[in-house]
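J.: Have a look at this one.
Nothing in this text is a laboratory measurement; each read-out follows from the coordinates by a stated rule. For clarity, every value in this text was computed on a predicted model and none was experimentally measured. Every residue, glycine as well, gets a Cβ built from its backbone with ideal geometry; the counts of neighbours run over all protein chains shown.
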């Protein structure tokens with residue numbers, strides 16, 4: 001019994017350590033790029049969490065290094081190029097895929113650990129920029145902001161601080 005307890009006490013710090021991510025790298029052409037990153041000291045290829053994935057873009061590691069995220073490029077019926085339609089965030093052996101039905105053009109990890117901010121919009125035509133602040137672990141929507149609604153109330157619209165992580169002003 002003492003031996004088992006001693007072994008457990010020795011390996012407990014290793015079990016309790018969280019996964020560390022670093023150095024995301026895109027390989028290949030812009031619309032068909034693949035991602036690799038360093039996880040716990042080893043370079044690995046990113047898993048494909050979205051079946052129709054053609055490429056990836058905007059890979060980022062959270063400030064604390066515990067999460068890594070990227071946009072997934074998928075085919076689109078109405079353009080000759082794939083669009084970033086999903087945001088994948090991975091931590092440890094878990095992941096979350098976030099989709100909103102429109103292209104996700106820019107994203108960032110939020111100021112609070114475990115959150116992301118991203119903006120969706122149409123690929124062409126008048127802007128329909130909509131911003132989301134989500135908690136990653138459960139996908140819970142914490143806040144949202146719509147530029148069209150804000151523009152109808154204020155010119156120029158007043159952006160919440162969390163939106164400024166991805167844009168300084170509403171797109172025109």
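J.: Considering the convex hull of the alpha carbon atoms of the chain, report its projected area averaged over all viewing directions, in nm², one decimal.
T.: 12.4 nm²
J.: Could you work out the relative contact order of region 45-99, using alpha carbon pairs under 8 angstrom and six or more residues apart, expressed as a whole percent?
T.: In percent, rounded to a whole number, it is 28.
J.: Next up: Pick from 35, 87, 122: which is most flexible by mean-square fluctuation in a GNM of the chain where alpha carbon atoms under 10 Å apart are linked?
T.: Comparing 35, 87, 122 in a Gaussian network model of the chain, the most mobile one is 122.
J.: Ok, one more. Taking only Cα atoms and a 10 Å spring cutoff, compute GNM fluctuations for the chain and point out the largest among 75, 47, 84.
T.: Looking only at 75, 47, 84, the largest GNM fluctuation is found for 47.
J.: Can you pull a Stokes-Einstein diffusion coefficient for region 30-71 at 37 °C (0.692 mPa s), Rh from Kirkwood over Cα pairs, as a whole number of µm²/s?
T.: Using the Kirkwood radius from Cα pairs, D works out to 294 µm²/s.
J.: Then there's this: Stretch residue 164-residue 77 to full length: gain in nm at 0.36 nm per residue minus the Cα-Cα span?
T.: 28.2 nm
J.: A further question follows. Mind giving me the nanometre distance, one decimal, between the label points for residue 42 and residue 63, set 7 Å out from Cα along Cα→Cβ?
T.: Between residue 42 and residue 63, the label points sit 3.1 nm apart.
J.: Something else now. Quick check for you: which residues of region 145-172 have the amide N under 14 Å from the point 7 Å beyond the Cα of residue 128 toward its beta carbon?
T.: Answer for region 145-172: 146-149.
J.: Also: Between residue 138 and residue 49, what's the calculated FRET efficiency when r is the beta-carbon distance and R0 is 22 Å? Round to 0.05.
T.: Plugging the Cβ-Cβ distance into 1/(1 + (r/R0)^6) gives 0.85.
J.: While we're looking at this one, here's another question. At a 10 angstrom cut-off on C-beta neighbours, averaged per residue, how do the peptides 134-140, 114-120 rank from highest to lowest?
T.: The densest-packed peptide leads the list: 114-120, 134-140.
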